[in-house]
1. To one decimal in nm, how far is B:His78 from the same spot in the other copies, if labels go 7 Å from Cα toward Cβ? Please give the shortest first.
2. Consider all pairwise Cα distances in the range A:3-88 and report the whole-number % of them above 17 Å.
3. Enumerate the calculated ³J(HN,Hα) couplings along the range B:98-112 in order (Karplus 6.51 cos²θ - 1.76 cosθ + 1.60, θ = phi - 60°), each rounded to whole Hz, writing x wherever the residue is Gly or Pro.
4. For a quick check: with amide H placed at 1.01 Å from N, whose amide H comes under 5 Å from A:Val141's, ignoring anything fewer than 5 positions away on the same chain?
5. Grab the Cα-Cα distance for B:Glu61 and B:Arg3, subtract it from 0.36 nm times how many residues apart they are, and report the gain in nm with one decimal.
6. Between A:Glu73 and A:Arg37, what length comes free when the chain is fully extended (0.36 nm per residue of separation minus the Cα-Cα distance, one decimal in nm)?
7. Compute the length gained on full extension between A:Arg85 and A:Lys117: take 0.36 nm times their separation in residues and subtract their Cα-Cα distance, giving the result in nm to one decimal.
8. Out of the range A:42-139, which GluC sites (Glu not before Pro) are coil in DSSP terms and have no more than 12 other C-beta atoms within 10 Å?
There are 2 protein chains.
Amino acid sequence: MSRSDLSQNVCTVARTVEMVGETWSLMILREMFLGSRRFDDLQRRTGCSPHLLSQRLKRLEAEQIVERRSYSERPPRHEYRLTERGRDLWPVVIALKNWGDRWLDKTGAPPIELTHKACGQITRPSMHCSACGEPVDARSVTVRLSPKMARDRATADR
Amino acid sequence: MSRSDLSQNVCTVARTVEMVGETWSLMILREMFLGSRRFDDLQRRTGCSPHLLSQRLKRLEAEQIVERRSYSERPPRHEYRLTERGRDLWPVVIALKNWGDRWLDKTGAPPIELTHKACGQITRPSMHCSACGEPVDARSVTVRLSPKMARDRATADR
DNA sequence: GCGACTCACTTCATATTTTGAAGTGAGTCT
DNA sequence: AGACTCACTTCAAAATATGAAGTGAGTCGC
């Protein structure tokens, strides 16, 4: 199965992975959440080659995750902005950050520090149950697949 | 900059992306969170080629995200299990799922349904502030970079 | 009005990765 | 004995990524 066949998958994780689950797409998203908007900034701060950056931005634009807009006619200048769809990928980047801060950082002081505007405290957002509000992890839930998803996986068994 | 240079990055997001931010690694993780443990199951249910699956599992094992263990001497049989480190990647997969459920699913019934064991309710975990417990998103936080991280990004500017 | 510079890319040759089909080897099952 | 399962490995072809160099519109300083 080729990577792009994932878009046909019933599983929404698979389809999301197909859209943004590439190294440089994730790096571009990180960088945009840190505030970069311009091509050159993205290129230097992510370390991505201009060729690939250009390809990735086109894809992210086609997927309506980023928007390309002109902010000056003369000289002609553009910038890339996250759409609502794009901003909604924030938890993915935060989840990656949390894992890295916990398991890869040796200094104890994470390279990116977040402050919650509303409460003014330094925060490290984590997953909570939407029903009861308690923290949740892999072990605190049970999984149920929709019939369609179960069939999809069964079909792959042939 | 090549993909593997990301591991030298100060940013823990970059380093995490380098470790697990590949299409098939993420698919393997999804599948393991759904309960698959055996090579063949992973292969068929993710759709990954056996060659690549083998490579990815070796990498995930080297990174101590999964553990390979024998569950039968004769016949010789192995299974792969998530370590604690691996289980801690759950929020990444959930964040991908949430995004996909919101933006890609047209049916309204997500293919994977989670139930919180403690409260018995169907749940869709989301990010909450670790300090005050309120829900947080991209717009509700301010970002501060550590001096090292700021330097790292500045250096890339040369 | 010339040369240097910035931004936002594109082009191209080379290198690396992925894909998919086929094969392997230990062992069980009938 | 033959078919089958599991857990892979091998290999060639195809797809993708990398990195250096180039482009073109425009500005800035002298």
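What follows is calculated from the coordinates using simple rules that are stated; it is not laboratory data. Note that the coordinates shown come from a computational prediction; the quantities given were computed from them, not determined experimentally. Cβ coordinates were reconstructed from backbone atoms using ideal geometry, including for glycine residues, and neighbour counts include every protein chain displayed.
1. For B:His78, the inter-copy label distances come out at 4.7 nm.
2. 48 percent
3. 4, 5, x, 4, 6, 9, 10, 7, 9, 7, x, 10, x, x, 10
4. The list, which skips near neighbours in sequence, is B:Lys117.
5. Numbers: separation 58, 0.36 × 58 = 20.88 nm, distance 1.93 nm.
Full extension of this stretch gives 18.9 nm more.
6. 11.3 nm
7. Details: separation 32, 0.36 × 32 = 11.52 nm, distance 2.17 nm.
Result for the pair: 9.4 nm of gain on full extension.
8. A:Glu73
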